[in-house]
1. Let's see if you can work this out: charge +1 on each Lys and Arg Cβ, -1 on each Asp and Glu Cβ, no other charges. What is the dipole magnitude of the chain about its Cα centre, in debye to the nearest 20?
2. According to the Kirkwood expression over distinct Cα-Cα pairs, how big is the hydrodynamic radius of the chain, in Å?
3. Select from Thr12, Thr137, Thr68 the residue whose mean-square fluctuation is largest in a Gaussian network model of the chain (Cα-Cα springs shorter than 10 Å).
4. Calculate how steeply helix 77-92 sits against the longest principal axis of the alpha-carbon atoms of the chain, using the helix alpha-carbon long axis, and give the answer as 0 to 90 degrees to the nearest 10.
5. With angles folded into 0 to 90 degrees, how steeply does helix 127-162 sit against the dominant principal axis of the chain? Use alpha carbons for both and round to 10.
6. Would you mind finding the longest exposed-site-free stretch of the chain, with exposed GluC sites (Glu not before Pro) meaning DSSP loop and at most 11 other Cβ atoms within 10 Å?
7. Considering only Leu110, Leu175, Leu37, give the residue with the highest GNM mean-square fluctuation for the chain, with springs between Cα atoms whenever their separation is below 10 Å.
8. Given only helices, namely DSSP H runs of n ≥ 4 each adding -39500 (n - 2.57), what is the per-residue ellipticity at 222 nm of the chain, to the nearest 500 deg cm²/dmol?
Amino acid sequence: MQPAATGGTIVTLITLAILVLIGLGIIAYFVGIYNNLVRLKNMIERSFADIDVVLKQRHDELPKLIETCKGYMQYEQKTLEAVVEARNAYSRATTPAEKTQADNMITGALRTLFAVAEKYPDLKANANFLELQARITALEEKIAAHRGLFNEDVNAFNIRIASVPDTFVAGMMHLQPHPLFQATDADREDVQVKFT
């Protein structure tokens, strides 16, 4: 009778081992989901930090641009003040939403400044102005590229936290969808091109 008892014990041990392995597999699966969500969340933060670095570079170029324009654009104080105010708004911004709003203000103010500069041939011919305009334009292109990467990271994150079974783990982590960088209403308007 001992062999029967040993056979039953072996079956019990095998069943227990299988249940333990299944349990460990399930735990490992959910740990993997958790780690992927943490990775995606950190990628969003890194992407925004990359944008922030380029925004800071543009922010640092603005005083030079304003000083270069002041002598030529004596009747355009509102335009220059708009750039200064937008720059100050960026300096005060602490959250990604505030920095995004300040970035939109700077972009609009720069667009206006460069459009108004077209009325001043001496300014358009100034080497400092042309160099600063080229540097700021290059920074704008970098900002746009980084925004695209940010939106890709946000989209991947938002899809993952809305997908089953990730949504359950995301709920336990209190993760919320992130907003995408979007064009402002001013960016959607038609550009007026006038030849004088």
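No value in this document is a laboratory result; all are computed from the given coordinates. Everything numeric in this text was worked out from a predicted model, so none of it was measured. Using ideal geometry, Cβ is built from the backbone for each residue, glycine included, and neighbour counts are taken over all protein chains shown.
1. Taking the Cα centre of the chain as origin, the dipole is about 280 debye.
2. Working: mean 1/r = 0.0478 Å⁻¹.
When all Cα pairs of the chain are included, the Kirkwood radius is 20.9 Å.
3. Looking only at Thr12, Thr137, Thr68, the biggest GNM fluctuation is shown by Thr12.
4. 20 degrees
5. Approximately 20 degrees, to the nearest 10.
6. Longest stretch, sites excluded: 1-117.
7. Leu175
8. Calculated from helices alone, the mean residue ellipticity at 222 nm is -28500 deg cm²/dmol.
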